[in-house]
Each structure stands twice: as structure tokens, then as C-alpha cells.
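Below is one structure, written out as C-alpha cells; the observations come after it.
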Amino acid sequence: GRFAWNFWQQRVRLENLTLRGLEPADRTPLAHIARIDIGLNFRTLLQRRRLDLHEPTITQPEFHIVVYPDGTTNIPSPEKSESSPIELETSIQNFNVLLGSAILNERRINVDLSLTNLAALLDYHPDREVLETHVSWDGVLDRSPDVRLPIPYMLSADVDYTRETLVVHRMTLSS
């Protein structure tokens, strides 16, 4: 992969990023992303320990997710750590995914989406190996314009991720 950043424009770019999961080394990786562009407010990061991201755009992501019969996946759990977590407040404005696709148990799903008002609260409990998540956003699922119109929607969810298993406690999706 490649990493570039422009301090004056407050932009970061990652290219050709591959993420391996729990799949065997000779299998397709969990994710490959052609490019990630992120606007980053360095001042708030250094002064207030707040991560302000604007217009993060992920271009051509491909996720290869396998759900096994016992409910586990090829998504790894975070490793146990004895160090204390870094406390960092985060805000994200206008998150975009372009030309994306996901392969879920060998079925391809093409994805283009835009998110606004993204809010997430993540809390990892290393003693129980559980990542508790509350996430919400307003979004538009963009589908092929010659086939169907885009779908605006709102999502809010409380989800736990533990030991390669996703547990949805509450999810509200409206359109």
C-alpha cells in the first residue's frame, strides 16, 4: 500500500490497502480497498484529543465475508491488551463509499452509499473480549441509475462483536 498526507490541505490518502482476516493465507483477503481519502483537522487532534474527519471517501472497497455454519466469521476479534485504551472523541462528516462490493458467502453485492450525521460510540471490554457499539446515520444507498432510484434511509443500532460473532441487540432502519 501507499500512504500520503498533505499537512496544508489537511488530507490523508491510503492506496492499495489489503486487510487479512481469519481466512487461510491462500484465500481471498477479508478486505481490499483501492483508495481512502480523509480530511483531518490536525488542530483539534493535537489540542483537544478530538478526531474530526470530513469527507472520508472509500473508493473501490471489496469485502469478502464468510459466515460459517456455527455463526462465526472470518472477521478477527481485537487482541487482548494490558495497556489502557486511548480516549479520543471522534466526529465524521459526509462519509462516502464509492464503487464498493461485498461478497457474503460467495454472493457479490455491489454497494455505493453516502452517509451523513454519522455517530458511533465504541467501547471495548478486553476482559470479556466484547466490542459494544452504538451507531447511527442518515444515508443514501445509490443503486444503478438505469435500474432503480437511490434509497434514502436512517439507521440506528446497538451491536456487540465478540469472538468472531456479531450480536445485534437493537436495529432501527427507516426509509
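If you average the C-alpha positions of the stretch 27-75 and of the stretch 92-109 separately, how far apart do those two centres end up, in angstrom? Result: 11 Å between the Cα centres. For the chain, modelled as a GNM whose springs connect Cα atoms under 10 angstrom apart, the maximal fluctuation among Leu113, Leu121, Leu149 occurs at Leu149.
Under a Cβ-Cβ cut-off of 11 Å, what is the net charge of the residues other than Val168 that fall near it, where Lys and Arg count +1 and Asp and Glu count -1? So the environment of Val168 carries a net charge of -1. Averaged per residue, the chain has 69 square angstrom of accessible surface, using a 1.4 angstrom probe with ligands and nucleic acids left out.
Qualifying chymotrypsin sites (Phe, Trp or Tyr not before Pro) in the stretch 1-74, where qualification requires a DSSP coil assignment and no more than 16 other C-beta atoms within 10 Å, comprise Phe7, Trp8. For the stretch 95-175, the list of GluC sites (Glu not before Pro) that fall in a loop by DSSP and count at most 15 other C-beta atoms within 10 angstrom reads Glu106, Glu129.
Packing around the peptides 166-172, 54-60, taken as the average count of other Cβ atoms within 10 Å per residue, puts them in this order, highest first: 54-60, 166-172.
Considering only protein heavy atoms and a probe of 1.4 Å, how much of the accessible area of the chain is carbon and sulfur, as a whole percent? Write out the running numbers ahead of the final one.
Values: 6780 of 12020 Å².
Reported share for carbon and sulfur atoms: 56 percent.
Computed on the stretch 1-114, with alpha-carbon pairs under 8 angstrom and 6+ residues apart, the relative contact order is 22 percent. Distance between the pseudo-spin-label points of Leu104 and Thr172 (7 Å out from Cα toward the beta carbon): 2.2 nm.
Note that the stretch 1-118 carries a Kirkwood radius of 16.3 Å, evaluated over its alpha carbons pair by pair. Between Thr116 and Glu129, the modelled label-to-label distance comes to 4.2 nm, taking each label 7 Å out from Cα in the direction of the beta carbon.
The values are calculated or read from the model by the stated rules, or taken from the named source; none is laboratory data. Small disclaimer: the values here were computed from a predicted structure and weren't measured. Here Cβ is always computed from backbone atoms with ideal geometry, including for glycine, and neighbour counts include all displayed protein chains. We work out accessible area using only protein heavy atoms, side chains counted, and drop any ligands, DNA or RNA first. Shrake-Rupley method; radii C 1.70, N 1.55, O 1.52, S 1.80 Å.
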